[in-house]
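Working notes for the structure below.
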Amino acid sequence: MITDFFICNWGTPQMVISSGIYQCDELDGFAIVDHKEKIMGLITYVISDNECEIISLDSKDENKGIGTTLLNQVEAVSRKSGCCKIKLVTTNDNLHAFLFYQKKGYQIAKIFPNSVEKARIVKPEIPKVADNGIPIRDEILFEKSIL
């Protein structure tokens, strides 16, 4: 079910970002399902060296609290695991993510110019231009302290 979700939404469960290559359907995470057992939202993450990195966050029905609920779950697990920071990467075209994460207390920590070109070497199906017409080029690292 989770593998199918990633294939349907991303073409593959593999995520290629500046911090590594991840098989999202094998990571820890949380899902929200509807009454028909259809995934409405899914978040995956890894914890290493007292830091949590969110690898994917998808909400099929935005502005309904799905993303917030999933993010809160990961923040709670991170605190219980002794993490001091949560980080995540999004791309320069994802304006909705920019707004969402900043409202949740995340700050831009670093910009990786042209990093998506490197990711396309491993995963050539990454589009060059987003649905909103913005060229997909850069990764932006967001971080939040959870001490």
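The values are calculated or read from the model by the stated rules, or taken from the named source; none is laboratory data. The model shown is predicted, which means the values in this text are computed figures rather than measured ones. Methodologically, a virtual Cβ is constructed for each residue, glycine included, from the backbone with ideal geometry; neighbour enumeration extends over all protein chains shown. Remember, those area values only see protein heavy atoms, side chains included, never the ligands or the DNA or RNA. Shrake-Rupley method; radii C 1.70, N 1.55, O 1.52, S 1.80 Å.
Some values worked out for this structure:
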| read-out | value |
| --- | --- |
| Cα gyration tensor, the chain - rounded (a/c under 1.5), prolate or oblate | rounded |
| Hydrodynamic radius by Kirkwood, which averages 1/r over all alpha carbon pairs of region 16-85, in angstrom | 12.7 |
| Shape category assigned to region 1-50 from the gyration tensor of Cα positions, a/c cut at 1.5 | oblate |
| Rg to Rh quotient for region 107-147, alpha carbon positions, Kirkwood Rh | 1.09 |
| Surface per residue (accessible, 1.4 Å probe) for region 45-147, Å² | 56 |
| Per residue, the convex hull volume that the Cα atoms of region 62-147 enclose (Å³) | 112 |
| Assigned charges on the beta-carbon of Lys, Arg, Asp, Glu; the chain dipole about Cα centre (debye) | 360 |
| Mean Cα-pair separation over length for the chain, i.e. relative contact order, pairs under 8 Å, 6 or more apart, % | 21 |
